[in-house]
Amino acid sequence: MKKDWWKDAVVYQIYPRSFQDSNGDGIGDLRGIISRLDYIKELGADVIWICPIYPSPNVDYGYDVTDHKTIMDSYGTMEDFHDLLDEVHQRGLKLVMDFVLNHTSVEHPWFKEAELDKNSKYRSYYLWRPGTKNGPPTDWVSDYGRPVWQYEEHTGEYYLHMNAVKQADLNWENPDVRQAVYDMMKFWLDKGVDGLRIDQLHLISKKEFLPSYEDYVNQRAEPKPFQPNGERIHDYLKEMTDEVFSQYDVMSVGEVGSVTPEEGLTYTGTDKHELNMIFHFQHMELDQQPGKAHWDLKPLELSDLKSVLSKWQKTLEHKGWNTLFWCNHDQPRIVSRFGDEGRYRKESAKMLATVLYFMKGTPYIYQGEEIGMTNAPFMRIEDYKDIQTINMYHKRVFENGYDPEEVMASILAKSRDHARTPMQWSSGKNAGFTDGTPWLKINPNYTSVNAEEAEADPDSILAYYKKVISLRKQYADLIKGSYDLLLPDDPQLFVYVRGNGNQQLLVVNNFSKEQAVFHWPELCSKDQASLLLSNYKNSDIADEMVFQPYESRVYLLNERE
Ligand code: NOJ
């Protein structure tokens, strides 16, 4: 097998709870996924990444694990899992598991023992600290703006949780924790799983526990949000690589929040032998106010997006490898976010695919993105199930006195539940997702936005995604070639050139709902150019061309003599 097979792969991400239910309980499951594998294969994807399927009290829907070596009942059994893996492999696909190793559920047997007994060996699997006279040990707050220490009354100490209160952080300083985690990783890789996506990798090494809460309340220190990417992160990663990843032919992708491209290289650099690639989020933070939460909205500036994506392309060009993604289970739907979910839904969804998936890196397509699923129009907080959304609503409305309408506008734009509404398979009952009552409401536009309709329409977003994926494969060499951004300051056009020394791709996108004028660039030869792909019925090649709203074109150019 080719060594770096993941460089040529396209990944399809499944949020199992919302993908396909097979037994009518309203929750997606493994048998449901098996029944949809042909759809994924036909799309042209090569790898499936499946969000956590381990037992969990579902405070954070699977990201609060109680047993890393079992399957959650509502998803099926270990036998179902083996069948899934077989069926995936029979189709020539690969399966990547999601692995949560920064924290466990407080229902995990380790934590249950640790919270009751200071002398238990599991006590030091977590991070406990005595309080100060004013309360918690430090003034750290999490990304959610919440204190990260929770008082636990049995032993009178605080434990650290960077996420929800019921997700206790593991103590990676403890070598027993690390070995236990490696053992769980190997458990799945030994079954033949083809890779792991590692949740919140940037959090496993904590920085010093300062400043103290007392200094903070006495105004001797500024409050400091918790800083990720602590000193020992790369020691841990090297150890993990030696003990786990280097033993298998698998792919590794780490979720690493808050990193710059330069820091990204410290994780994925080919000379580092750590991860194959990381998820980074700078391009997902451009529609929020700087230094604030993602709920604090701000319109996207196209020049910012071009600059961030291009910087990642250039910095990792010869030294690392990128992930390419617009969507995942934590992000709102991209067509609602950076496109136009109304009149130009199809055009803008295709344009967004063109912008990103002709870049260098491994594309990650999130379920429903390929049919242009949109944000849900749910106006009542009761219709949302995501803990982050609900906590934020209560904090802002009831503690901080925000106007509920403003808070709801943020939720309509950014809630994670927009990604988690059930997959829209058909215009039939419950969008073909379940015979029962879906765990989360279905987006009412399923009657027109669904996979069945898309499969029947040669001009659908789905058909376009298939073309993009097949072109990526046909021009694999070019797709791995150089990247150069043109017109960095143009407020409408996102244009770049890819090249491998023999051929070039000129990728031109109108990232706006107004017409845009594009002048053929001097550095590209028009003479032997041909149009490879377009989302309009337009095949011009001229010195000056008008691009329609959200129009994209990809030209193939032969290298100049
Ligand atoms: C990142 C995951 O993508 C998100 O869904 C989850 O809530 C947090 N990690 C905590 O595990």
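Quick notes on this structure:
- The set of residues in the stretch 81-117 being of a type outside the set (D, E, K, R), over 18 Å from Cys51 (Cβ atoms) and more than 16 Å from the ligand (Cβ to nearest atom) consists of His82, His89, Gln90, Gly92, Pro109, Trp110, Ala114, Leu116.
- Residue count for the stretch 434-449, restricted to those that are closer than 16 Å to Tyr15 by Cβ and of a type in the set (Val, Ile, Thr): 2
- Against the conditions (1) within 23 Å of Pro16 (Cα to Cα); (2) among the β-branched types (Val, Ile, Thr); (3) more than 16 Å from the ligand (Cβ to nearest atom), Val397 satisfies every one except (1).
- In the stretch 276-298, the count of residues that are closer than 22 Å to Asn509 by Cα, free of Cβ contacts under 8 Å to residues at least 12 places away in the same chain and surrounded by fewer than 19 Cβ atoms within 10 Å (Cβ to Cβ) is one or more.
- Complete set of residues in the stretch 29-64 that are of a type in the set (Gly, Ala, Ser) and within 16 Å of the ligand (Cβ to nearest atom): Ser56, Gly62
- Scanning the stretch 86-124 for residues that are among the small types (Gly, Ala, Ser) and open to solvent by less than 20 Å² (accessible area, probe 1.4 Å) yields a count of 3.
- Among the candidates Arg337, Arg343, Arg333, the residue that is basic (Lys, Arg), open to solvent by 30 Å² or more (accessible area, probe 1.4 Å), modelled with pLDDT of 95 or more and in contact with a helix residue (DSSP H, G or I) (Cβ under 9 Å, 6 or more places away or on another chain) is uniquely Arg337.
- Listed by first and then second residue, the pairs linking a residue in the stretch 42-57 that is assigned to a strand (DSSP E or B) to a residue that is within 13 Å of the ligand (Cβ to nearest atom) and charged (D, E, K, R), with Cβ atoms under 8 Å apart and 6 or more places separating them unless they lie on different chains, are Trp49/Asp98; Trp49/Arg197; Ile50/Asp98.
- Filtered by the rule that a residue be assigned to a loop (DSSP other than H, G, I, E, B), open to solvent by less than 50 Å² (accessible area, probe 1.4 Å) and either out of contact with any Asp or Glu (no Cβ under 9 Å at 6 or more places or on another chain) or within 15 Å of Ser336 (Cβ to Cβ) (or both), the stretch 428-465 gives Ile442, Asn443, Val449, Asn450, Asp457.
- Glu285 fulfils the conditions (1) over 23 Å from His234 (Cα atoms); (2) of a type outside the set (A, V, I, L, M); (3) within 16 Å of the ligand (Cβ to nearest atom); (4) in contact with a strand residue (DSSP E or B) (Cβ under 8 Å, 6 or more places away or on another chain) except for a single criterion, (4).
- Any hit, the stretch 125-145, residues being within 13 Å of the ligand (Cβ to nearest atom), open to solvent by less than 60 Å² (accessible area, probe 1.4 Å) and either under 23 Å from Asp417 (Cβ atoms) or assigned by TED's automatic domain parsing to the domain that holds Phe325 (or both): yes
- Near pairs, Cβ below 6 angstrom, 6+ apart or cross-chain, from the stretch 1-20 (closer than 14 Å to Val250 by Cβ) to any residue that is in a loop (DSSP other than H, G, I, E, B): Trp6/Asn276; Ala9/Asp46
- Qualifying residue in the stretch 381-404 (condition: part of a loop (DSSP other than H, G, I, E, B) and of a type in the set (A, V, I, L, M, F, W, C)): no
- Any hit, the stretch 414-427, residues being crowded, with 21+ Cβ neighbours inside 10 Å, under 30 Å from Ser534 (Cβ atoms) and within 16 Å of the ligand (Cβ to nearest atom): yes
- Looking only at the stretch 326-356, and only at residues there that are over 21 Å from Val10 (Cα atoms) and among the basic types (Lys, Arg), the one that is nearest to the chain's Cα centre (by Cα): Arg337
- Checked against (1) on the phi < 0 side of the Ramachandran plot; (2) away from the ligand (no atom under 16 Å from the Cβ); (3) not assigned by TED's automatic domain parsing to the domain that holds Tyr12, Gly432 meets all criteria but (1).
- Among residues of the stretch 421-435 that are closer than 20 Å to Asn375 by Cβ and free of Cβ contacts under 8 Å to residues at least 60 places away in the same chain, those with a Cβ under 7 angstrom from a residue that is outside any loop (DSSP other than H, G, I, E, B) and open to solvent by 30 Å² or more (accessible area, probe 1.4 Å), sequence gap 6+ or separate chain, pair up as Gln424/Tyr446; Ser427/Tyr446; Ser427/Thr447; Ser427/Glu452; Ser427/Glu453; Ala431/Tyr446.
- Condition broken by Ser336, with the remaining ones in (1) closer than 25 Å to Asp60 by Cα; (2) part of a loop (DSSP other than H, G, I, E, B) satisfied: (2)
- Failed item, numbered, when Met351 is tested on (1) under 29 Å from Gly264 (Cβ atoms); (2) within 16 Å of the ligand (Cβ to nearest atom): (2)
- From the options Thr266, Thr315, Thr323, Thr354, residue that is at negative phi, modelled with pLDDT under 95 and β-branched (Val, Ile, Thr): Thr266
- Residue check, Asp73 at pLDDT below 95 and either open to solvent by 30 Å² or more (accessible area, probe 1.4 Å) or touching a Leu at 6+ places or on another chain (Cβ under 9 Å) (or both): no
The values are calculated or read from the model by the stated rules, or taken from the named source; none is laboratory data. Predicted model, so just to flag it, every value in this text is computed and none were measured. Every residue, glycine among them, receives a Cβ derived from its backbone with ideal geometry; neighbour counts consider all protein chains shown. Side chains are part of the model used for accessible areas, which takes the heavy atoms of the whole protein and leaves out ligands, DNA and RNA. Shrake-Rupley method; radii C 1.70, N 1.55, O 1.52, S 1.80 Å.
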